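First up is the structure itself, then whatever we jot down about it.
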Amino acid sequence: MPIMSSRLIRHQICIDELRQLGAKVISIQGIMFYVKFKVNDTKISYMYHVKTDNTYYLERIKPYFMSIGDYHTEEDVVDIIKIDLEQFKNAMNSKNFNEFISVDQSITKLVRYFEDLYLYYNVKKDDLGIIKDEVNLILDKILEIKNRSERIYHKKDPESFK
């Protein structure tokens, strides 16, 4: 029981730290947590839950959905939320911020459309090839744009460009 108590105390400290950052933290039966921020007019929210192996799964819910990953401790979850929030605050300085959010929401919709396509329809191999080619073009274009763009955030390396 003392191990569980110390874990609960550590988790409460992390919740308090999130609240100090301006978050509203909602506990759902003590195993799932909804963390909401409002920065200027933008809502940024996260959901994390304690898995059966006492690790944590974190996802961003708003302004668009993104699976962020698995973490070993509550402190890791808080640290990654801090970085993510800091990155959003920085990105909000861009004149293109709303357009970035719009494009990301469209990409999220694209993933959902694609999933519905293959779950509900018998798609021909040639048609799947067309989609694959177009997706690869977009991925290549993103890398090309990254290579000619100035990096503005250096406290953490991007996960996807490794």
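We did not get these values from a lab; they are worked out from the coordinates using the rules stated. The structure displayed is predicted, hence computed values, not measured ones. With ideal geometry, Cβ positions are generated from the backbone for all residues, glycine too; neighbour counts draw on all protein chains shown.
What to note about this one:
- Overall form of region 97-147 per C-alpha gyration tensor (a/c, 1.5; a/b vs b/c): oblate
- Cross-link partners of Lys124 among lysines, defined as those whose alpha carbon lies under 19 angstrom from its own and excluding same-chain residues fewer than eight positions apart: Lys132.
- The mean sequence distance of close C-alpha pairs (under 8 Å, at least 6 residues apart), as a share of the length of the chain, puts its relative contact order at 11 percent.
- Exceeding the 20 Å Cα-Cα cut-off - candidates Lys89/Lys109; Lys51/Lys109; Lys38/Lys109; Lys38/Lys62; Lys24/Lys62: Lys89/Lys109; Lys51/Lys109; Lys38/Lys109
- Inter-label distance, nm, simple model (7 Å from Cα along the C-beta direction), Ile31/Leu110: 3.6
- Cα long-axis angle, helix 74-91 against the chain (0 to 90 degrees, to the nearest 10): 50
- 0 to 90° range, to nearest 10: angle between helix 97-120 axis and the chain longest Cα axis: 70
- Relative to the Cα centre, the charge distribution of the chain, modelled as +1 at Lys and Arg Cβ and -1 at Asp and Glu Cβ, gives a dipole magnitude of about 420 debye.
- Neighbourhood charge, 12 Å Cβ-Cβ cut-off, centred on Asp79 and excluding it, Lys, Arg +1 and Asp, Glu -1: -3
- Each principal axis of the chain carries a Cα extent, and these read 59, 40, 30 Å when sorted largest first.
- Computed from point charges on the beta carbon alone (+1 for Lys and Arg, -1 for Asp and Glu), the dipole magnitude for region 2-91 about its Cα centre is near 400 Debye.
- With the cut-off at under 18 Å, measuring from each backbone N in region 39-80 to a point 7 Å along the Cα-to-Cβ line of Leu119 picks out 65-67.
- With respect to the chain, whose longest principal axis is taken over its alpha-carbon atoms, helix 2-20 is tilted by about 60°.
- Applying both filters, DSSP loop and at most 12 other Cβ atoms within 10 Å, to the trypsin sites (Lys or Arg not before Pro) of region 68-148 gives Lys95, Lys124, Arg148.
- Gyration tensor (Cα) of region 1-75, equivalent ellipsoid semi-axes in angstrom: 23, 15, 9
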